[in-house]
Amino acid sequence: MGSQSQFCHVRGNRFLDAQHLTKTYRVGGETVYALRDVTWSALQGDFVVINGPSGSGKTTFLNLISVIDRPSSGEVFIEGEPTSAKSEGQLAHLRKTKIGLVFQSFNLIPVLSTEENVEYPLLLQKRPRPERAARVEAMLREVGLTDFARRRPNELSGGQRQRVAIARALVTGPMIVLADEPTANLDSKTGETVMDLMRRLNEEHCVTFIVVTHDPAVSRYARRRVRIHDGQLEEGEPDGVATPAS
């Protein structure tokens, strides 16, 4: 993961600020609130679990803080810079360089091998071939997939595909990783393995993780736990931080 360890000495520095975020939609002539006046921040080195039922606003919030979507009102600050005035190209560059994304459905490219899927974000960044090769090799070793480098997604288990997705999210050296229901398509044992991996990477490299889930069991991995209900966030106490399996 290259330079990730440099962030360890700044654990606790504020990286992301959401200020008075509101997201509304028009449905049948009525205004529906997906998110209501949310103010919240994430610190470097956090491991935050945002828990809530379906329809509570979890994915909407994730889309806003990852600057995939824009709020109806309010502002998202990344490293102190407002994002509302940035162009779509600037926001895409921000996601490519600062933010890693892990999706419920893995979102791997079926025709690419494991190593090619992990390499893909580096190709978008136009990194030199030797650097790409070194980063991919290091990340596959980190997530325990060195022996599966040439396999395509349909030759991998669900847990292995999610590990590929995590490696792809981290290979560019982001400061924050946002995971949307990362265990939803996995059995409970495989889900534990994936969450243990995320916590280990968080602890070893000080990458901030924000995990959005409806699964209460994931909350035990949180340094900070946040509940979301009817588009509003409420900070809670973690149930007890899980120790990654050795």
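The values are calculated or read from the model by the stated rules, or taken from the named source; none is laboratory data. Worth saying up front: this structure is predicted, and the values here are computed from it rather than measured. Cβ atoms come from the backbone with ideal geometry, glycine included; neighbour counts cover every protein chain shown.
Results, tabulated for the structure shown:
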{"read-out": "Options Gly144, Gly74; residue that is touching a strand residue (DSSP E or B) at 6+ places or on another chain (Cβ under 8 Å) and not aliphatic (A, V, I, L, M)", "value": "Gly74"}
{"read-out": "Answer from Ala179, Ala184 - the residue that is at pLDDT below 90, under 20 Å from Asn107 (Cα atoms) and outside any helix (DSSP H, G or I)", "value": "Ala184"}
{"read-out": "Residue match in the range 103-117 (condition: among the acidic types (Asp, Glu) and in a helix (DSSP H, G or I))", "value": "yes"}
{"read-out": "The lone exception for Gln104 - which of (1) among the polar types (S, T, N, Q); (2) exposed (fewer than 13 other Cβ atoms within 10 Å of the Cβ); (3) touching a residue at least 60 places away in the same chain (Cβ under 8 Å) it fails", "value": "(2)"}
{"read-out": "One residue from Val143, Val194 being closer than 21 Å to Thr97 by Cα, among the hydrophobic types (A, V, I, L, M, F, W, C) and buried (at least 19 other Cβ atoms within 10 Å of the Cβ)", "value": "Val143"}
